[in-house]
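The values are calculated or read from the model by the stated rules, or taken from the named source; none is laboratory data. Fair warning: this is a prediction, and the values are worked out from it, not measured in the lab. All Cβ positions, glycine included, derive from the backbone under ideal geometry; neighbour counts span all protein chains shown. Ligands, DNA and RNA are excluded from the accessible area calculation, which covers all protein heavy atoms including side chains. Shrake-Rupley method; radii C 1.70, N 1.55, O 1.52, S 1.80 Å.
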Amino acid sequence: MKRIDNDPGGASGAVTVRGLVKHYGATKALDGVDLDVREGTVMGVLGPNGAGKTTLVRILSTLLAPTSGRATVAGYDVVRQPRQLRRVIGLTGQYASVDEKLSGRENLYLIGRLLDLPRKEARGRADALLERFSLTEAARRPASTYSGGMRRRLDLAASMIGRPAVLFLDEPTTGLDPRTRNEVWDEVKRLVTDGVTVLLTTQYMEEAEQLAGELTVVDRGKVIASGGIEQLKARVGGRTLRIRPADPRGLRPLATALDELGITGLAGTSVDPESGAVLVPVLSDEQLTAVVGAVTARGITLSSLTTELPSLDEVFLSLTGHRAGAPRDTAPAETPEEAVAV
């Protein structure tokens, strides 16, 4: 079966989603989601617990059938062409899914063979990924003897053994130590450099900023914001002016003087002794100009003056009313008749 063409009116790309809906009885896990992911990029999908992130990944990876709507991945329809699609995607879910009775090397070799890799290539690919994820020394041990972090790394290696065109990472680094998390990030960056497209759901704002070129924020099954990280920060609004006086002794007097001007909003100023700076929240260009003018008029010598956009965590809170940090969605498990036929 040939790949189908994307909707004429939609943007072409590695992943195209139009009007995707998924109902669990009266609950709408997805409620008309539209999404476009360009080839060779990382799309970060953020949202509070139960927002629909995992449901979206399950549908796009053919593990769950949508109630309505349409989605194509790597040119294949997720409902009508699931067999072809599974050969060009990789998936790492929220929990490691390796065979504990097999060794690490046997797990990867088996998956390679299931993906129709020749024996020699499957062995070579398995060995390369074991080395890349620091599992070579444990390669011949049963996976049941692996630590949680080691199993997670093996699971990630398994999702990459077939050199997927599109890789779905659903909370891929939850529970990993910082060193292992950095190893995963490095591998994802290498894959993108090689042209792989990644759709990433994550609870870590740092992870999203490290990896994602664009973000989609979902809440209650709907897309509530999308765009580049800097675009979303600008959309939320509000900047922080960081003023560092040349003389550290002028730090608190400067903060007091600015507070007395009454131009910095209700939040007022704050002092960051560690960096030796006064932090001034500004909500408009007029406020920014007034603060800078006041500093200049008082003849205060500065060593630096910079503006900072809100953090991604602040953007997330502003858009959803929730803080990031929930480890997984709470969508009900699909029943057999809801799953896409294998």
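For the reader, a short list of remarks on this structure follows.
- Residue 94 satisfies every condition listed in (1) in a loop (DSSP other than H, G, I, E, B); (2) among the polar types (S, T, N, Q); (3) more than 21 Å from residue 61 (Cα to Cα) except (3).
- Within segment 191-224, the set of residues being without any contact (Cβ under 8 Å) to a residue 40 or more places away in the chain and within 17 Å of residue 91 (Cα to Cα) comprises just one member, 191.
- In segment 51-109, residue most open to solvent (accessible area, probe 1.4 Å) [restricted to those that are of a type in the set (S, T, N, Q) and over 21 Å from residue 201 (Cα atoms)]: 67
- Taken residue by residue, segment 57-65 has no member that is over 21 Å from the mean Cα position of the chain (by Cα) and not aliphatic (A, V, I, L, M).
- Count of residues meeting criterion [touching a residue at least 40 places away in the same chain (Cβ under 8 Å) and surrounded by 20 or more Cβ atoms within 10 Å (Cβ to Cβ)] in segment 168-183: 5
- Looking only at residues of segment 200-245 that are hydrophobic (A, V, I, L, M, F, W, C), touching a helix residue (DSSP H, G or I) at 6+ places or on another chain (Cβ under 7 Å) and assigned to a helix (DSSP H, G or I), we find that the one that is most open to solvent (accessible area, probe 1.4 Å) is 236.
- If the condition is being hydroxyl-bearing (Ser, Thr, Tyr) and under 15 Å from residue 291 (Cα atoms), then segment 217-257 contributes 240, 256.
- Residue 106 being of a type outside the set (Gly, Ala, Ser) and out of contact with any strand residue (DSSP E or B) (no Cβ under 6 Å at 6 or more places or on another chain): yes
- Segment 141-167 residues that are open to solvent by less than 10 Å² (accessible area, probe 1.4 Å), paired with ones that are part of a helix (DSSP H, G or I) and among the charged types (D, E, K, R) (beta carbon under 8 Å, 6 or more apart): 143/151; 156/187; 157/132; 160/187; 161/125
- Considering 292, 280, the condition of being at negative phi and open to solvent by less than 40 Å² (accessible area, probe 1.4 Å) is satisfied by 280 alone.
- Any hit, segment 113-126, residues being acidic (Asp, Glu), without any contact (Cβ under 8 Å) to a residue 40 or more places away in the chain and not in a helix (DSSP H, G or I): yes
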